[in-house]
Amino acid sequence: MAKKIVVVGEVRDGELRNVSFEAIAAGKTVADGGEVVGVLLGENVSGLSETLIHYGADRVVVVNHKDLKSYTTDAYQQALLQVFDVENPEVVILGHTAIGKDVTPRLAMKANAGLISDAVAIEVEAGKPIFTRPIYSGKAFEKKKVNEGVVFATIRPNNIAALDIDPSRSGDVSTLTVDIKDLRTTIRDVVRKATGGVDLSEANVIVAGGRGVKSKEGFGPLKELADLLGGAVGASRGACDADYCDYGLQIGQTGKVVTPDLYFAIGISGAIQHLAGMSNSKVIVAINKDPEAPIFEVADYGIVGDLFEIVPILTQELKNS
Ligand code: FAD
């Protein structure tokens with residue numbers, strides 16, 4: 001049966017994050033010919049609605065409010081609940097991002113609905129969406145569905161392919177006025193540490209370094225390789241603990257979970273907590289001087305040797321090609 005699906009777009013620095021487009025594709029699968037309604041929250045985000053439509057949203061609801069300029073749990077929750085009151089969706093999909101992870105369980109609880117988080121694939125069986133999600137730190141996958149009522153779901157970035165952008169797609173854009181009150185927190189200013197380059201959680205190529213890189217300066221050649229491939233630099237907790245790089249770059253169980261097309265693990269042993277954040281990468285290349293390092297068990301390509309010799313050769317070869 002055709003359904004109404006609400007997909008909440010995520011805006012960062014005035015631009016929609018890729019996971020919003022992936023969530024629309026997920027919504028299309030679940031809608032089964034029904035309607036996918038994109039929702040945009042912010043202070044002045046109407047200009048982004050066409051992009052959501054070009055990626056497949058049938059219609060967009062824009063909520064502009066000064067208290068939605070920066071994310072706060074309270075304001076987003078209040079605004080989205082009012083959107084749901086008007087739209088009455090059967091399924092609500094957000095990205096499994098910091099925002100999605102924070103607000104979706106609260107929304108599901110308030111709406112007395114089922115929640116499925118961190119889905120990496122979606123199929124429809126007998127009209128019901130079935131979500132595949134990793135468990136045991138990515139060692140196994142389970143399929144889950146909500147038997148009755150509304151379903152809230154978050155999808156892991158970089159797993160469900162977005163539809164191709166098509167500027168000929170058209171759809172209605174409407175605005176909804178919401179009442180936001182009694183906020184327990186307000187954001188006065190956002191001061192972001194300048195990391196530069198590609199966003200780690202959405203990067204297609206990640207060049208990650210571990211304690212084997214040995215210093216802050218040792219990350220320079222990794223950055224050069226990442227830049228050459230249009231990718232981002234990541235790190236193990238070992239490298240972060242040793243102060244070679246910022247914790248914002250940490251990948252793993254207590255860091256970011258990433259699924260790039262290509263993941264370089266350089267001087268990283270492959271502890272289970274690191275694998276939890278990257279083992280679903282499509283192609284893994286490991287460089288390690290220890291042939292017994294556990295990272296080689298998950299690697300598609302392994303190079304046993306000294307990273308300080310291998311990385312510059314790899315970079316040079318890529319420059320030459
Ligand atoms: P090491 O284990 O020290 O490995 C360094 C590797 O570099 C070795 O394999 C070595 O052979 C290789 N090497 C050294 N020199 C060279 C060279 N010149 N050339 C090539 N290779 C070289 N870790 C994470 O990464 N992410 C997490 O989110 C995370 N969460 C955790 C949560 C908990 C509760 C706990 C207990 C631990 C967590 N850890 C996490 C830590 C994890 O257990 C490991 O300690 C950590 O991943 C090790 O980092 P590493 O591989 O960089 O360092």
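The values are calculated or read from the model by the stated rules, or taken from the named source; none is laboratory data. A quick note: this is a predicted structure, and the numbers were derived from the prediction, not measured. A quick note on method: Cβ atoms are made from the backbone with ideal geometry, for glycine too, and the neighbour counts reach across all protein chains shown. Heavy atoms of the whole protein, side chains included, go into the accessibility calculation; ligands, DNA and RNA do not. Shrake-Rupley method; radii C 1.70, N 1.55, O 1.52, S 1.80 Å.
With the convex hull built on the Cα atoms of segment 67-196, state its orientation-averaged projected area in nm².
Numbers: hull surface 45.9 nm².
Averaged projected area of segment 67-196's Cα convex hull equals 11.5 nm².
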(request) Roll a 1.4 Å probe over the protein heavy atoms and report the accessible area of Lys143 in Å², nearest 10. (result) 130
(request) Using only Cα positions of segment 146-215, each an equal point scatterer, no hydration layer, compute I(q)/I(0) via Debye at q = 0.12, 0.18, 0.23, 0.27 Å⁻¹ and quote the log10 values to two decimals. (result) -0.88, -1.25, -1.15, -1.19
(message) Please give the charge dipole size of the chain, origin at the Cα centre, charges +1 on K and R Cβ atoms and -1 on D and E Cβ atoms. Round to the nearest 20 debye.
(response) 600
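May I ask you to give the solvent-accessible area per residue for the chain, in square angstrom, as obtained with a 1.4 angstrom probe? Can you show the working numbers first?
Details: 15490 Å² over 321 residues.
With all protein chains present, the chain gives 48 Å² per residue.
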(request) With springs only between Cα atoms under 10 Å apart, run a GNM on the chain and tell me which of Ala208, Ala271, Ala140 wobbles the most. (result) Ala140
(message) If a paramagnetic tag sat 7 Å from the Cα of Ile135 along the Cα-Cβ line, which residues of segment 61-105 would have the backbone N under 11 Å from that point?
(response) none
(request) Find the percent of Cα-Cα distances in segment 104-179 that exceed 15 Å, and round it to a whole number. (result) 68
(request) Could you point to the residue in Ser137, Phe219, Val304 farthest towards the positive end of the chain's charge dipole, with +1 and -1 charges on the Cβ of Lys/Arg and Asp/Glu respectively? (result) Ser137
(message) With equal scatterers on the alpha carbons only and no solvent term, can you work out the Debye log10 of I(q)/I(0) for segment 262-321 at 0.23, 0.24 1/Å?
(response) -0.89, -0.95
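Quick check: residue separation of Val86 and Ala161 times 0.36 nm, minus the Cα distance between them. What number comes out in nm?
24.1 nm
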(message) Given the options Thr51, Val83, Ala111, identify the residue whose Cα lies farthest towards the positive end of the charge dipole of the chain (+1 on Cβ of Lys, Arg; -1 on Cβ of Asp, Glu).
(response) Ala111
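Looking only at segment 1-152, where both bridge partners belong to it, what percent of the DSSP beta bridges are antiparallel (to the nearest 5)? Before the final figure, lay out the partial values.
Details: 12 of 30 bridges.
Within segment 1-152, antiparallel bridges account for around 40 percent of the total.
Over 36 Å, how big is the tail of the calculated P(r) for the chain, in percent of all Cα pairs? Walk me through the numbers on the way to the answer.
Numbers: 12569 of 51360 pairs.
For the chain, the share of Cα pairs beyond 36 Å comes to 24 percent.
Select from segment 1-47 those GluC sites (Glu not before Pro) which occupy a DSSP coil region and have at most 15 other Cβ atoms within 10 Å, ordered by residue number.
Numbers: sites: Glu10, Glu15, Glu22, Glu35, Glu43; in loops: Glu10, Glu43.
The qualifying sites are Glu43.
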(message) What is the percent carbon and sulfur in the accessible area of segment 187-321, measuring with a 1.4 Å probe over the protein chains and ignoring ligands?
(response) 52
(request) Sort out for me the Cα centre separation of segment 44-67 from segment 140-189, rounded to whole Å. (result) 12
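How big is the charge dipole of segment 152-217 about its Cα centre, in debye rounded to the nearest 20, if each Lys and Arg gets +1 on its Cβ and each Asp and Glu gets -1 on its Cβ? Could the numbers behind the result be given before it?
Values: 10 positive and 9 negative charges, 121 e Å.
That gives segment 152-217 a dipole magnitude of about 580 debye.
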(request) Return the FRET efficiency for the residue pair Thr73, Arg169: r is the Cβ-Cβ distance, R0 is 30 Å, and the value is rounded to the nearest 0.05. (result) 0.40
(request) Treat each spin label as a single point 7 Å out from the Cα along the C-beta direction, and report the Gln316 to Thr29 distance in nm. (result) 4.5
(request) Compare Arg12, Arg192, Arg156 in a GNM of the chain, Cα atoms joined below 10 Å, and give the one with the largest fluctuation. (result) Arg192
(request) Return the Rg/Rh value of segment 1-59, two decimal places, where both radii are evaluated on C-alpha atoms and Rh is the Kirkwood radius. (result) 0.98
(request) Whole Å is fine, so just give me how far the alpha carbon centre of segment 83-119 lies from that of segment 225-249. (result) 31
(request) State the Kirkwood hydrodynamic radius of segment 23-90 in Å, one decimal place, computed from all pairs of distinct Cα atoms. (result) 12.6
(request) Provide Rg over Rh for segment 220-309; use the alpha carbon set for both Rg and the Kirkwood Rh (inverse mean inverse pair distance). (result) 0.92
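Taking the Cα centre of segment 22-96 as origin and charging only Cβ (+1 Lys, Arg; -1 Asp, Glu), how large is the dipole, in debye to the nearest 20? Please report the intermediate quantities before stating the final value.
On the way: 4 positive and 11 negative charges, 42 e Å.
Using only the charged Cβ atoms, the result is roughly 200 debye.
Given the -39500 (n - 2.57) contribution per DSSP H run of 4+ residues, what per-residue ellipticity at 222 nm results for the chain, rounded to the nearest 500 deg cm²/dmol? The partial results should precede the final answer.
Details: 9 runs with 88 residues, N = 321.
Calculated mean residue ellipticity at 222 nm is -8000 deg cm²/dmol.
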